[in-house]
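Okay, structure first, notes after.
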């Protein structure tokens, strides 16, 4: 056991990915397949007076133009709060610029796109509010914060009184912009109806959610909808919900009676499946002369769409509640509605934006205290979550800081701003804490042992690039004692046992216990066959048997699987199992931690800022695959570099339309933006989360990156930038 | 390869006990339906501007009937079934569609298919020699130079060209000459490791 | 993309004859035209492919560098004589776009690259350049990337090319071929038009007229030249501000200076006043700063791009210092 878990195993799907053999949603071809595309609004508020599709319909190969006038009526009234029910061509109202208002179907992609451009729309324009900052005074309390499981506010002690009385304090407002996930694979769906049965091949982080949503909206049984998604070309949150394009593809397939494919254009990716909302965050931190926090106040305002599209409240203040020891903490979350689409989760939702503000403010507090910023964090370290009033199941933040500081050479830092140079360049070193909850949700899996010794494992989970195929194959191989190359892990099909959405860094912790349990169940069943057979099992119990390398070992005897199955008259043995929530959920606060160390080089005259060195040290429980695990760390840090220095979706205030909805002017990091990143896994395991002791690491490594970089920029230049992204004009001398 | 499927018999008919205190789920699974030929394929409506062209892709003749506006990328993906070449932005800004035309790396999304007649097109599907991966493909696997895999074919096609161009002198060079290939999963560090590794093996391009 | 027919003429005169009628567009590298067609900004009825034409040569003679209009950015950047005698050209090219795009894009096409202004490239916005008279929401909108020099009340779109900035500094002349074999030469500095009240008219090209070559005079200044590009991202981004500098030094004294800047103007922005202020002065920070102070003369910054006034001067000083060293 445990020969493979933890090892730097190559991805089992690597060969498919490097040969072009991995099939993503848009790549499922089938006879009769035709192409659809969206027509989108060019105003931000109002109603559609008329859609003139005559020219479009007359173009060669055009099969249908679906508008609110002729769209199928969906069962919106049955939809749950978590389902996106607008805009689905059910009415003529416009809530944001870029809203889908029609679908064009044609026999080729180019014809669909050209016909969409020929659709003419007349509107009655309404009053639009497009910029959050102009209506901050209209902020309101979220109605479904954390699915209604808790209040958007929290309060312990008296933060305001303690702040007023404190020796050292900082008070500042931080802002983060609208950002877009921009996975490299644009969302795509292929939908096909066979009578009442619907099959969709779609880019999703949650096949079960897509299955439920489509079944609900089209009024068919869940069992009549099948969702298939073996590969996802990145999601980062924007493929977590079932957004209108997937539903509209199924609607189009019904309309034309053929399988339909709809791939979003890159521009459409900016208006079709959510975004990280803009935030305006007011922070107040106070400490005593020794640097012990005495007051923390975090008031978060985040952008929302018009409420009729749903609700998404970015939980920016949750880390402030639990990260440090502090007796007086107040947190509020409020929403500000504008005529934009519905925001959604984006890699490390809440923490990415909130910890930027918190950890920037901590740096400002360290400056006010004339204290080393690492020391300030260590003085406020705690083994107890003051909000949940529970101990942390495992918290190695101090070790992260120690190991990270050692690797980075932190002790050589001159604390004075503008004091460190390399040639002409200003050098800045900054740190910040990372934290992210260790989530786990119920999951299930099934295992089949075949006569040839191979093992097939099925679970309706997803691999969004995080390595699910590989890591779960390792778990199976170790648990059943079979070589890795005899294991085939199958996922991304709603016909398999259900598993949760791949979001919130849940997949490994949720699915691996189900896989382990299913392996145990199938082994027990297999042993049952051996024991039930008087010839092989006489006098033994299950405790006497073992399974290794495709054979059952009975004392004094090796029974190849084929032989066991043949004697029992079966071709294979199958069993399934499900698993629940984290073992330690009731008694412990479950979180991962990390320490982010950034070095920036700033051109003193031109203001150009580049990250030149990076060290991240993380306490993420047990790492099941050191290779794919490191990939997640460097990936998260790279995403954070983009957040810190490059990314912002720019809105035209007049029209509410995005101006840089592409990959040339919406800047994400390219190769030269990313230095060699040193990553450290602080040793540990957390069996309060799951039996293997693993915690998810998809989001943790991006938390705190923007703050570490902003703090480094302050150290380099003496300029405190509180508004992301940090651009050269903000530090230009 | 045929995808194994769960069977009702295996899971319901013969399902066994509990394990480790966890209930065995009642699994309702049906056999995986193969993609049936339900509808007659609609040949695109033939219009006067459509033309018959023959491309040379991965050493094979590829006859196509296309409109002149069809990009090489869409010709490969939508008509030739060569979906290894990816569409990320369709505007030349991400590099996911990188292929070689007459030995040079280009963005297939900004290339008209009709202009590629009499030119040799190489895609990711044409890189391996049978079952033997190209060294760059093998290095990408060994260094885990990807996560989701969607930008990967473009990164590999770019990396192979980069070495042939002689631009792998240093990590800084590799980064700059790979700048046209965006990886949103952030595998850049590992991609540089893979390219450096192959550049060292082939002993060209590094001075 | 709208449907179009496709023509691949065998020679220039056939191409020019075909393209002289309305609704025709030449395609060379296609890197910009394809984007514009996909965005429905360009809707040609016919594409005239220049692939069969012979204008791909790069000839570095004693008096001039002659770049065929169909030479690719990659080939010109990699040409040893270009790197040796005209380093600003090679540097500007290597700072442009991506390796893939440079393998496709051509010299002539790059002179005709259209602005990256987000309002121009999205038909969901009004734009005077795209639809004359519809208005310019950029002037009071998202204008961080737009021009501070050469704009009008109708348009402040930045010219995007790095190469054109380098070439205009070196007094490049374009060779044009028109109907009936007529040829003419136009200085690159006169080729692009300021937007004024006709921002949709961007160059002096006549219908069907074809760029056949770009001729760069050899000079001592060209040999001592360089390109500096300032941007948010470390690579693969259009310039926030860029500077093309060529200096002829006599001892430490500036005998001649050629200066142009990118990212700041509605066309590649030559700076004759700065050149004049440098001539005859001792090369050094004092002269550089004094001359650079004149660079933003006439600037009309908008809200978000006002930083370019200062950045432009600092970029120019740095480029001068680098080239003089």
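For segment A:256-275, the tally of residues that are within 30 Å of residue A:182 (Cβ to Cβ) and within 14 Å of chain B (Cβ to nearest Cβ) stands at 12.
The set of residues from segment A:542-567 being part of a loop (DSSP other than H, G, I, E, B), surrounded by fewer than 15 Cβ atoms within 10 Å (Cβ to Cβ) and touching a helix residue (DSSP H, G or I) at 6+ places or on another chain (Cβ under 7 Å) comprises just one member, A:555.
Can you pull out the residues in segment A:179-209 that are more than 22 Å from residue A:257 (Cβ to Cβ) and more than 16 Å from the chain's Cα centre (by Cα)? Selection gives A:208 alone.
Could you grab me the full set of residues in segment A:1-59 that are in a strand (DSSP E or B) and within 21 Å of residue A:255 (Cα to Cα)? Answer for segment A:1-59, where residues must be in a strand (DSSP E or B) and within 21 Å of residue A:255 (Cα to Cα): A:34, A:35, A:36, A:37, A:38, A:39, A:40, A:50, A:51, A:52.
The set of residues from segment A:202-226 being part of a helix (DSSP H, G or I) and in contact with a strand residue (DSSP E or B) (Cβ under 7 Å, 6 or more places away or on another chain) comprises A:207, A:208, A:210, A:211, A:214, A:215, A:218, A:224.
Residue check: residue B:117 meets all listed conditions (1) over 18 Å from residue A:22 (Cβ atoms); (2) within 14 Å of chain C (Cβ to nearest Cβ); (3) in contact with a helix residue (DSSP H, G or I) (Cβ under 7 Å, 6 or more places away or on another chain) but one, namely (3). If you go through segment A:166-194 and keep only what is at pLDDT 95 or above, more than 10 Å from chain B (Cβ to nearest Cβ) and not in a strand (DSSP E or B), you end up with A:166, A:177, A:178, A:180, A:187. For beta carbons closer than 8 Å, sequence separation of 6+ or different chains, a first residue in segment B:85-99 that is without any contact (Cβ under 8 Å) to a residue 24 or more places away in the chain and more than 7 Å from every other protein chain (Cβ to nearest Cβ) and a second that is in a loop (DSSP other than H, G, I, E, B) and surrounded by fewer than 24 Cβ atoms within 10 Å (Cβ to Cβ), there are no qualifying pairs. Is there a residue being crowded, with 23+ Cβ neighbours inside 10 Å, more than 14 Å from chain B (Cβ to nearest Cβ), touching a residue at least 24 places away in the same chain (Cβ under 8 Å) and part of a strand (DSSP E or B) anywhere in segment A:689-697? For segment A:689-697, residues crowded, with 23+ Cβ neighbours inside 10 Å, more than 14 Å from chain B (Cβ to nearest Cβ), touching a residue at least 24 places away in the same chain (Cβ under 8 Å) and part of a strand (DSSP E or B): present. For the residues A:139, A:106, the requirement of being surrounded by 22 or more Cβ atoms within 10 Å (Cβ to Cβ) and either closer than 26 Å to residue A:246 by Cα or in contact (Cβ under 8 Å) with a residue 60 or more places away in the chain (or both) singles out A:106.
Just give me the residues in segment A:89-98 being in contact with a helix residue (DSSP H, G or I) (Cβ under 9 Å, 6 or more places away or on another chain) and buried (at least 22 other Cβ atoms within 10 Å of the Cβ), in sequence order.
A:89, A:95, A:96, A:98
I need a count of the residues in segment B:41-84 that are more than 9 Å from chain A (Cβ to nearest Cβ), in contact with a helix residue (DSSP H, G or I) (Cβ under 9 Å, 6 or more places away or on another chain) and assigned to a loop (DSSP other than H, G, I, E, B). Counting residues in segment B:41-84 that are more than 9 Å from chain A (Cβ to nearest Cβ), in contact with a helix residue (DSSP H, G or I) (Cβ under 9 Å, 6 or more places away or on another chain) and assigned to a loop (DSSP other than H, G, I, E, B) gives 3.
When restricted to residues that are in a loop (DSSP other than H, G, I, E, B) and either on the phi < 0 side of the Ramachandran plot or crowded, with 20+ Cβ neighbours inside 10 Å (or both), segment C:2-43 contains 17. Buried (at least 21 other Cβ atoms within 10 Å of the Cβ), touching a residue at least 12 places away in the same chain (Cβ under 8 Å) and at the interface with another protein chain (Cβ under 9 Å from one of its Cβ atoms): does that describe residue A:206? Criteria not met by residue A:206. So which residues in segment C:132-153 are in a loop (DSSP other than H, G, I, E, B), in contact (Cβ under 8 Å) with a residue 12 or more places away in the chain, surrounded by fewer than 20 Cβ atoms within 10 Å (Cβ to Cβ) and more than 13 Å from chain A (Cβ to nearest Cβ)? C:132, C:153 - these are the residues of segment C:132-153 that are in a loop (DSSP other than H, G, I, E, B), in contact (Cβ under 8 Å) with a residue 12 or more places away in the chain, surrounded by fewer than 20 Cβ atoms within 10 Å (Cβ to Cβ) and more than 13 Å from chain A (Cβ to nearest Cβ).
Considering every residue within segment C:110-118, establish whether at least one is assigned to a strand (DSSP E or B) and either crowded, with 24+ Cβ neighbours inside 10 Å or under 18 Å from the mean Cα position of the chain (by Cα) (or both). Step through it out loud before you land on a result.
Just the residues of segment C:110-118 that are assigned to a strand (DSSP E or B), to begin with: none.
There is no residue in segment C:110-118 that is assigned to a strand (DSSP E or B) and either crowded, with 24+ Cβ neighbours inside 10 Å or under 18 Å from the mean Cα position of the chain (by Cα) (or both).
When segment C:154-188 is examined, which residues are found to be part of a strand (DSSP E or B) and within 30 Å of residue A:130 (Cα to Cα)? If the condition is that a residue be part of a strand (DSSP E or B) and within 30 Å of residue A:130 (Cα to Cα), then C:155 is the only one that fits.
Is segment A:645-657 home to any residue that is modelled with pLDDT of 95 or more and assigned to a helix (DSSP H, G or I)? Yes - at least one qualifying residue is present in segment A:645-657. Each residue in segment A:1-32 was checked for being in contact with a strand residue (DSSP E or B) (Cβ under 6 Å, 6 or more places away or on another chain) and either within 16 Å of residue A:475 (Cβ to Cβ) or more than 8 Å from every other protein chain (Cβ to nearest Cβ) (or both), and 2 pass.
Any residue at all in segment A:720-730 that is in a helix (DSSP H, G or I) and touching a strand residue (DSSP E or B) at 6+ places or on another chain (Cβ under 8 Å)? Explain how you work it out, then say what you get.
The first filter runs over segment A:720-730 and keeps only residues in a helix (DSSP H, G or I), leaving A:728-730.
Keeping just the survivors that are touching a strand residue (DSSP E or B) at 6+ places or on another chain (Cβ under 8 Å) gives A:728, A:730.
Checked against the condition, which is being in a helix (DSSP H, G or I) and touching a strand residue (DSSP E or B) at 6+ places or on another chain (Cβ under 8 Å), segment A:720-730 yields at least one hit.
Only one of A:316, A:374, A:336 is modelled with pLDDT of 95 or more and part of a loop (DSSP other than H, G, I, E, B); which?
Numbers: A:374 fails: part of a loop (DSSP other than H, G, I, E, B); A:336 fails: part of a loop (DSSP other than H, G, I, E, B).
One residue alone meets the criteria, A:316.
All but one of (1) within 10 Å of chain B (Cβ to nearest Cβ); (2) in a strand (DSSP E or B); (3) closer than 20 Å to residue A:675 by Cα hold for residue A:617, so report the exception by its number. Every condition holds for residue A:617 apart from (1).
The values are calculated or read from the model by the stated rules, or taken from the named source; none is laboratory data. This structure is a prediction, so every number in the text was calculated from the model and none was measured. Here Cβ is always computed from backbone atoms with ideal geometry, including for glycine, and neighbour counts include all displayed protein chains.
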